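The values are calculated or read from the model by the stated rules, or taken from the named source; none is laboratory data. Bear in mind that the values here come from a model prediction, so they are computed numbers and not experimental data. Virtual Cβ from ideal backbone geometry, glycine too; neighbours counted across all protein chains shown. Accessible surface is based on the protein model in full, side chains and every heavy atom, while ligands, DNA and RNA are left aside. Shrake-Rupley method; radii C 1.70, N 1.55, O 1.52, S 1.80 Å.
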Amino acid sequence: MQLAAIIVSLVLTVVGVALLARAIGQFVRYFKLGQPVPAGSRTDNPYQRSVTLVREFLGHTRMNRWGIVGFAHWFVAVGFLTLPPTLAQAFGQLFKADWTLPLLGDFLPFEMYTEFIGVMTTLGILVLMAIRLLSLPSRAGRKSRFAGSKAGQAYFVEYVILTIGLAIYVLRGLEGTLHHVDGYRASYFASYPLVLAFQGLSVGTLQNLVYLVAMIKISVSFIWMIVVSLNTNMGVAWHRFLAFPNIWFKRNATGETALGALQPMTSGGKPIDFADPGEDDVFGVSQVEQFSWKGLLDFSTCTECGRCQSQCPAWNTGKPLSPKLLIMSLRDHAHAKAPYLLAGGGKTMEGEEKASAEQLKDVPAAALAEAERPLIGTAQENGVIDPDVLWSCTTCGACVEQCPVDIEHVDHIVDMRRYQVMIESAFPSEAGTMLKNLEKKGNPWGLAKKQRLEWTKEVDFEVPVVGRDIEDLSEVEYLYWVGCAGALEDRAKKTTKAFAELLHIAGVKFAIMGGDEKCTGDSARRLGNEPLFQELGMENVAALNMAFGESLDEDGNVDPATKKPKSAKKIVATCPHCLNTIGNEYPQLGGDYEVIHHTQLLQHLVDEGKLVPVTPVEGLITYHDPCYLGRHNKIYTPPREIIGKVPGLRNEEMHRHKERGFCCGAGGARMWMEERIGKRINNERVDEALSLNPDIISTACPFCLVMLTDSVNGKKAAADNGSAAGGKVKESIQVVDVAQLLLDSVRTPVDPEGEAETESEPQPEPVK
């Protein structure tokens, strides 16, 4: 038994280590196939990156949002990293059954730690296995986050961990018996029942059992190593190694998710100058090797846990996009194509082969076939990613927010969109109208710029305009950036007027732009039209800098002599998309401003007593978190604080809220595209709200306001026609912005006798 155990264990060890070394080399060469990233963008502040890595791992910051799953996974992960000494001890036990590690072997804290972590790792993996079995796709279908995951690989990994955990436990019991433990000891507090069970066995039997169990532990460990080394696309196994560099190289050194700003378009690791692009510049991604090395690392790190999939609004409404399946498809394609690329293969922009036939003669046929597949293409075209998958994304960020290994799904989707839009001109036709309107009129609706100020005629107070009523913004506290929707869309204009009136009541000095401003470019950028975004953005930055009293030099840059600090350039916006673009993306174009959301300013004014909500607004209210306010900019509290201050309102949260809030369906330029597949996302969200039987659905974004209102109105119409599609909807239900609620409570005072004073021109229409 001892000889067999030694031979089997050592042979598997040699093979496993050799294959692992080869696999690591393959990964290094594979990641080098990706494009470089801008200098320092992934390596700045190494100390902070290391702190972030330790915090995310030890704190399991994403996993612990999932309750018992995070707790169980923590012990499995810690056990994997800290129990290798038990593997070393098993090697020693092959040669001497009662051998222990030098120094550590009889060290009480180490023995107690081994007992505790060994047992908790075993229990942890049993919990995770049970959760996987309870969530089988065959039972839950799309509702299972494991739908589409490679179940066989997952079960293999889980049973390996379970076997090793049990082997550690059994070996501890055998060790205790061989060491003549004849009473309870703290060092064997978990395995003591086994110590008692083995006491009747002879020394020879105990030794043979040690050899057998040590061989099982070593063999299973290195069989696992052999299997994963031969399958470098086995993310469920490799994530335990690759997650560490993937988190360390994440976009933000301080740990924030890769949301908010999109990254500028780069080629060869350098930003593209659209005014004078280089001849070799690559626009977007049309081949997997055009992703950055961080993108390739992302793909390989995916553990197929499906948390992104479970939160994705597209997947939850029957559309083909699953962030998990997208990443898995890119990973499998990249690994399959790698031998071809490593041999020098690749296509020029004209589709010609870069490598000679001689260079490619040893490339496997499967890799050559994979190289012929288009990255974006229908099933008939044998494409890796179907166009419907690409255009279903709302860029809501739910996938990025939930991913425990910091994969940056949205950036990769937008990179592929950029190539489709800029080179192939292949995108949903309705979006083309939006792009033309942005190019010609500077707004998505294609309306004349003079209409941007029409709303100011509908309020009974003066709204100062920069360049007309005041010279620059030094005379006011805030620039109110109204945005296209707030100025041009009828429902969003109610929010605009309500917020402006609240500022007027509170005595806040503010002004608006004169109508020459353009759309911020949010939809254009997320659709993939980066040049149009930059054109709109640079015009707006120039206009804003002038409005703030900064002059430009001959090259169009801000004159240092007039440059103001960010804190002196305060902008407030009612649209989270405007807030995100101006605050997070305009710094890429030379515009550095302090931008806040209107709910943040309103909360501040209420807290200061400048706005006092006194009139009750009766009813049950539920609040919808806009994705670009919540996940992208982490603003969750101010709208809820305002709702909480309005007397009479009873707030109840929808099942999916805050970090797990469900998209309205308008982000990622989806506002301008028709939904033809599955259930409309806004209908799904409204159905969730209606399940609470509310009187009011509130939000804090003009896009959300439009989408939710459209759905509610559609359901009202269906209910009036007797259709089941109407569902449970009150005829009196309203969809309003938080500012409208606050104004209704602030503007209508109650006299001592309880009768409301009337005003000649109430604006906007009070919420009942």
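Can you pull out every residue in the range 443-465 that is free of Cβ contacts under 8 Å to residues at least 24 places away in the same chain and surrounded by fewer than 14 Cβ atoms within 10 Å (Cβ to Cβ)?
Hits for the range 443-465 are ALA448, LYS457, GLU462.
Just to be sure I understand, how many residues within the range 443-477 are outside any helix (DSSP H, G or I) and at negative phi? Working first, answer last.
We begin by selecting, within the range 443-477, every residue outside any helix (DSSP H, G or I); these are 443-448, 459-472, 476-477.
Next, from what is left, pick out any that are at negative phi: 443-445, 447-448, 459-466, 468-472, 476-477.
Here the count works out to 20.
What do you reckon, is LEU230 more than 27 Å from the chain's Cα centre (by Cα) and either within 20 Å of ALA21 (Cβ to Cβ) or of a type in the set (Gly, Ala, Ser) (or both)?
Values: more than 27 Å from the chain's Cα centre (by Cα): yes; either within 20 Å of ALA21 (Cβ to Cβ) or of a type in the set (Gly, Ala, Ser) (or both): yes.
Against the criterion (more than 27 Å from the chain's Cα centre (by Cα) and either within 20 Å of ALA21 (Cβ to Cβ) or of a type in the set (Gly, Ala, Ser) (or both)), LEU230 qualifies.
Does the range 616-627 contain at least one residue that is farther than 22 Å from ALA506 by Cβ, β-branched (Val, Ile, Thr), open to solvent by 30 Å² or more (accessible area, probe 1.4 Å) and in contact (Cβ under 8 Å) with a residue 60 or more places away in the chain?
Scanning the range 616-627 turns up no residue that is farther than 22 Å from ALA506 by Cβ, β-branched (Val, Ile, Thr), open to solvent by 30 Å² or more (accessible area, probe 1.4 Å) and in contact (Cβ under 8 Å) with a residue 60 or more places away in the chain.
Can you spot a residue in the range 216-234 that is open to solvent by 60 Å² or more (accessible area, probe 1.4 Å) and without any contact (Cβ under 8 Å) to a residue 40 or more places away in the chain?
Checking the range 216-234: not a single residue is open to solvent by 60 Å² or more (accessible area, probe 1.4 Å) and without any contact (Cβ under 8 Å) to a residue 40 or more places away in the chain.
What residue, of ILE272, ILE327, is closer than 30 Å to GLY521 by Cβ and modelled with pLDDT under 95? Before the answer, list the steps.
On the way: ILE327 fails: modelled with pLDDT under 95.
None of the others qualify; the one that does is ILE272.
List the pairs whose first member sits in the range 530-549 and is farther than 27 Å from VAL285 by Cα, whose second member is assigned to a helix (DSSP H, G or I) and among the small types (Gly, Ala, Ser), and whose Cβ atoms are under 9 Å apart, counting only residues at least 6 apart or on separate chains?
Every condition considered, the pairs that remain are PHE548/SER474; PHE548/ALA568; GLY549/SER474.
For the range 427-442, name all the residues that are open to solvent by less than 40 Å² (accessible area, probe 1.4 Å), of a type in the set (Gly, Ala, Ser) and on the phi < 0 side of the Ramachandran plot.
Going through the range 427-442, the residues open to solvent by less than 40 Å² (accessible area, probe 1.4 Å) turn out to be 428, 431-432, 434-435, 437-438, 442.
Now narrow it down to the ones that are of a type in the set (Gly, Ala, Ser): 431-432, 442.
ALA431, GLY432 - these are the residues of the range 427-442 that are open to solvent by less than 40 Å² (accessible area, probe 1.4 Å), of a type in the set (Gly, Ala, Ser) and on the phi < 0 side of the Ramachandran plot.
Take LEU544 and tell me if it is part of a helix (DSSP H, G or I), touching a Leu at 6+ places or on another chain (Cβ under 9 Å) and either of a type in the set (A, V, I, L, M, F, W, C) or open to solvent by less than 30 Å² (accessible area, probe 1.4 Å) (or both).
Values: part of a helix (DSSP H, G or I): yes; touching a Leu at 6+ places or on another chain (Cβ under 9 Å): yes; either of a type in the set (A, V, I, L, M, F, W, C) or open to solvent by less than 30 Å² (accessible area, probe 1.4 Å) (or both): yes.
Yes.
Taking the range 684-736 as the region of interest, how many residues are in a helix (DSSP H, G or I) and closer than 26 Å to PRO444 by Cα?
Going through the range 684-736, the residues in a helix (DSSP H, G or I) turn out to be 684-690, 702-720, 724-726.
Imposing the further condition that a residue be closer than 26 Å to PRO444 by Cα reduces the set to 684-686, 702-714.
Looking only at that region, the number is 16.
Which one is nearest to LEU212 (Cα to Cα), of the residues in the range 172-201 that are of a type in the set (Ser, Thr, Tyr) and surrounded by 15 or more Cβ atoms within 10 Å (Cβ to Cβ)?
The initial filter retains those residues of the range 172-201 that are of a type in the set (Ser, Thr, Tyr), namely 177, 184, 187-188, 191-192.
Restricting the remaining residues to those that are surrounded by 15 or more Cβ atoms within 10 Å (Cβ to Cβ) gives 177, 187-188, 191-192.
Numbers: THR177: 16, SER187: 23, TYR188: 21, SER191: 18, TYR192: 20 Å.
Going through the qualifying residues, I end up with THR177.
Kindly evaluate THR86 against the criterion of being open to solvent by 40 Å² or more (accessible area, probe 1.4 Å), under 28 Å from VAL8 (Cα atoms) and either part of a helix (DSSP H, G or I) or out of contact with any Cys (no Cβ under 9 Å at 6 or more places or on another chain) (or both).
On the way: open to solvent by 40 Å² or more (accessible area, probe 1.4 Å): no; under 28 Å from VAL8 (Cα atoms): yes; either part of a helix (DSSP H, G or I) or out of contact with any Cys (no Cβ under 9 Å at 6 or more places or on another chain) (or both): yes.
Answer is no for this residue.
Residue-by-condition table, conditions (1) more than 30 Å from GLY507 (Cβ to Cβ); (2) open to solvent by 10 Å² or more (accessible area, probe 1.4 Å):
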{"residue": "ARG680", "(1), (2)": "yes, yes"}
{"residue": "ILE696", "(1), (2)": "no, no"}
{"residue": "VAL729", "(1), (2)": "yes, yes"}
{"residue": "VAL735", "(1), (2)": "no, yes"}
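What are the residue pairs meeting all of these: first residue in the range 56-76, first residue over 14 Å from ARG660 (Cβ atoms), second residue among the polar types (S, T, N, Q) and crowded, with 19+ Cβ neighbours inside 10 Å, Cβ atoms under 8 Å, and 6 or more apart or on different chains?
PHE75/THR121; VAL76/THR121
I'd like to verify a number: residues in the range 352-392 that are under 13 Å from GLU424 (Cβ atoms) and loosely packed, with under 13 Cβ neighbours inside 10 Å, how many?
Of the residues in the range 352-392, 1 are under 13 Å from GLU424 (Cβ atoms) and loosely packed, with under 13 Cβ neighbours inside 10 Å.
Could you tell me whether any residue of the range 129-136 is outside any loop (DSSP other than H, G, I, E, B) and over 30 Å from GLY173 (Cβ atoms)?
First pass over the range 129-136, keeping only residues outside any loop (DSSP other than H, G, I, E, B): 129-134.
Right, trim to over 30 Å from GLY173 (Cβ atoms) and you get 134.
Scanning the range 129-136 turns up at least one residue that is outside any loop (DSSP other than H, G, I, E, B) and over 30 Å from GLY173 (Cβ atoms).
Find all pairs meeting these conditions: Cβ atoms under 6 angstrom apart; at least six residues apart or on different chains; first residue within the range 14-41 and more than 11 Å from LEU296 (Cβ to Cβ); second residue polar (S, T, N, Q) and assigned to a loop (DSSP other than H, G, I, E, B).
Hits for this filter: ALA23/THR232; GLN26/THR232.
Out of ALA23, ALA97, report the one residue that is at pLDDT 95 or above and either assigned to a helix (DSSP H, G or I) or of a type outside the set (Val, Ile, Thr) (or both). Even if it seems obvious, please write down each step before you answer.
Values: ALA97 fails: at pLDDT 95 or above.
Only one candidate passes the filter, namely ALA23.
In the range 144-171, how many residues are closer than 18 Å to LEU101 by Cα and open to solvent by 20 Å² or more (accessible area, probe 1.4 Å)?
First pass over the range 144-171, keeping only residues closer than 18 Å to LEU101 by Cα: 167-171.
From the residues that got through so far, the ones that are open to solvent by 20 Å² or more (accessible area, probe 1.4 Å) too are 169-170.
The total comes to 2.
Go through GLY105, GLY124 for me and flag whichever is within 30 Å of MET328 (Cα to Cα) and open to solvent by less than 30 Å² (accessible area, probe 1.4 Å). Outline the logic, then answer.
Working: GLY105 fails: within 30 Å of MET328 (Cα to Cα).
None of the others qualify; the one that does is GLY124.
Can you find, within the range 340-353, the residue that is farthest from VAL282 (Cα to Cα) among those that are at pLDDT below 80, in a loop (DSSP other than H, G, I, E, B) and not β-branched (Val, Ile, Thr)?
Looking at the filtered set, the residue picked out is GLU352.
Pick from ASP710, ASP687: which is out of contact with any Pro (no Cβ under 9 Å at 6 or more places or on another chain), within 29 Å of VAL482 (Cβ to Cβ) and open to solvent by 40 Å² or more (accessible area, probe 1.4 Å)? Even if it seems obvious, please write down each step before you answer.
Numbers: ASP687 fails: within 29 Å of VAL482 (Cβ to Cβ).
The unique qualifying residue is ASP710.
Name every residue in the range 300-330 that is touching a helix residue (DSSP H, G or I) at 6+ places or on another chain (Cβ under 6 Å) and surrounded by fewer than 22 Cβ atoms within 10 Å (Cβ to Cβ), in order of residue number.
PRO320
Pairs under 9 Å by beta carbon, first residue over 11 Å from VAL617 (Cβ atoms) in the range 633-646, partner among the aromatic types (Phe, Trp, Tyr) and not in a loop (DSSP other than H, G, I, E, B), six or more apart or different chains?
Going by the 9 Å Cβ cut-off, the qualifying pairs are PRO639/TYR623; ARG640/TYR623.
Considering only the range 580-595, state which residues are touching a helix residue (DSSP H, G or I) at 6+ places or on another chain (Cβ under 6 Å) and in a helix (DSSP H, G or I).
Of everything in the range 580-595, those that are touching a helix residue (DSSP H, G or I) at 6+ places or on another chain (Cβ under 6 Å) and in a helix (DSSP H, G or I) turn out to be THR581, TYR586, LEU589.
Please go through the range 547-573 and give me each residue that is open to solvent by 60 Å² or more (accessible area, probe 1.4 Å), in a strand (DSSP E or B) and farther than 27 Å from LEU602 by Cβ, ordered by number.
The answer is LEU552, and nothing else.
Of the conditions (1) at pLDDT below 95; (2) closer than 30 Å to HIS73 by Cα; (3) not in a loop (DSSP other than H, G, I, E, B), ALA197 clears all except one; give me its number.
(2)
Taking the range 490-522, which residues are small (Gly, Ala, Ser), touching a residue at least 60 places away in the same chain (Cβ under 8 Å) and assigned to a helix (DSSP H, G or I)? Outline the logic, then answer.
The first filter runs over the range 490-522 and keeps only residues small (Gly, Ala, Ser), leaving 492, 498, 500, 506-507, 511, 514-515, 521.
After this cut, where a residue has to be touching a residue at least 60 places away in the same chain (Cβ under 8 Å) as well, the list is 492, 498, 506-507, 514-515, 521.
ALA492, ALA498, ALA506, listed by residue number.
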